[in-house]
Amino acid sequence: MQTALNRVLLAIGALLVAIDAAWLTLGHFAIDAGAYGLVALAVPPLVAGSVWYGRVRREAGISATFSVAAFLIVFSAATSLMSYLLVTITGPRIDAGLAAADAALGFHWPAMMAWAADHPLVNALLGLAYVSAMPQILILLLLLGFRADLKGLYGLALALSLGAFLTLAVWTWHPSFGAFSVFTLPAPVASKLGLVLGMDYGQDLVAMLKNGPGFISPKELRGIVGFPSYHTLEALVLVWYARRLPYLRWWVAALNAVVLLAVPVQGGHHLVDMLGGVAVTLLAIALAEGTVAWAARPATAPAAAQALLAAR
């Protein structure tokens, strides 16, 4: 199973890097090559660790942890870069329609933000929760690896990566940047919010859609996708795979419930962005679980016989 899943991750990572490299070359984009090179330097030691613990030490859990960690570094850098490249081929922006859908559901983003501005402690806690996704992924990765839960490890990596593909596909077809690209808050409200992204970020994204991504650097990349909400997907995927940890599952569920509350506030999302994120999450988890089940299928009789002969 582990070999098959490592090959799947390798194929996904190689495909992403190849697409990015070809697009950058053909499109003559300006990128921070040195910074991306530093990111790439983290990958070989992790791959070497995976090979060492897999072939020499025979510790599958640690080997898989190194493999998945290497993949997530490549995946994160490559997909964030790709999202900026996709700005150049997107369809028509749909934020106005998403705001209208929110209104039809009875959700008014400026009113929610005014409430958040009047509750600074709650808003600060939402800000901390919003930026917790990456630390949570790292901790879950280490804990699943410690338990040698290969299905959980690879399922987590596949759900995050397949969810990113689905999210970017929908977003490229009809891009959106969230409620803060539609609404302008009164100065007294905006000044008290202290948002992770900032109120100007939505307008910056709208300008980027018109003018192109400009200089692309991993030092400055931030999420640009509105609908579907990838932050929602991350929170739900973390809850799904943390259910495999008996003493931690409810803490993760509680934390990510707060993350979901933070998405429209700190992330500036429409409510329907989150609903779209839920739909993508369900499909991504189904695909990830199916891939892991395929890799874990029993060996066929001829293959099993060959393995026995090789062992002798």
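The values are calculated or read from the model by the stated rules, or taken from the named source; none is laboratory data. Here the structure is a predicted model, which is why all the values come from computation and not from measurement. As a convention, Cβ positions derive from the backbone with ideal geometry for all residues, glycine included, and neighbour counts pool all protein chains shown. Protein only, heavy atoms only, side chains kept; ligands, DNA and RNA dropped before computing areas. Shrake-Rupley method; radii C 1.70, N 1.55, O 1.52, S 1.80 Å.
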Exercise for the section: Would you mind checking which residues have amide H under 5 Å from residue 216's amide H? H placed 1.01 Å from N; only 5 or more apart, or other chain. Expected result: 30, 31, 32
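Could you check how much of the accessible area of the chain is carbon and sulfur, as a whole percent, using a 1.4 Å probe?
Numbers: 10860 of 15340 Å².
C and S fraction of accessible area: 71 percent.
Specify the longest stretch of the chain that does not include any exposed loop site, a site being one of the chymotrypsin sites (Phe, Trp or Tyr not before Pro) with a non-H, G, I, E, B DSSP assignment and at most 15 other Cβ atoms within 10 Å. Kindly include the intermediate steps, with their values, before the conclusion.
On the way: sites that count: 215, 247.
The answer is 1-214.
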Fill in the blank from the handout: Extension length gain for residue 243 and residue 119 (0.36 nm per residue less Cα distance), in nm, is 41.4 nm
Problem - Between region 245-271 and region 124-165, the alpha-carbon center distance in angstrom - result: 13
Exercise for the section: Tell me the label-point distance for the pair residue 28, residue 3, using the 7 Å Cα-to-Cβ offset, in nm and rounded to one decimal. Expected result: 4.7
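Pulled fully out, how much extra length does the chain show between residue 73 and residue 107, if you take 0.36 nm times their separation in residues and subtract their Cα-Cα distance?
Numbers: separation 34, 0.36 × 34 = 12.24 nm, distance 3.64 nm.
Computed gain between residue 73 and residue 107 is 8.6 nm.
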Exercise for the section: Could you please tell me the mean projected area of the C-alpha convex hull for the chain, averaged over all directions and given in square nanometres to one decimal? Expected result: 18.3
Completion exercise
Between the Cα axis of helix 60-86 and the main Cα principal axis of the chain, the angle (0 to 90°, nearest 10) is 40
Handout entry: Of the trypsin sites (Lys or Arg not before Pro) in region 13-110, those whose Cβ has at most 16 other Cβ within 10 Å and which sit in DSSP loop
Key = 57, 58
Practice task
Once you've got the GNM for the chain with C-alpha springs shorter than 10 Å, pick whichever of 278, 39, 258 has the biggest mean-square fluctuation.
Solution key: 39
Practice task
Take every Cα pair under 8 Å in region 33-173 that's 6+ residues apart, average their separations, divide by the length, and report that relative contact order as a whole percent.
Solution key: 34
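What FRET efficiency would be calculated for the residue pair residue 51, residue 258, taking the C-beta separation as r and a Förster radius of 41 Å, to the nearest 0.05?
Details: r = 39 Å, r/R0 = 0.95.
Step by step, r from the Cβ atoms, then E = 0.55.
Residues with beta-carbon under 10 Å from that of residue 178, excluding residue 178: net charge, scoring Lys, Arg +1 and Asp, Glu -1?
-2
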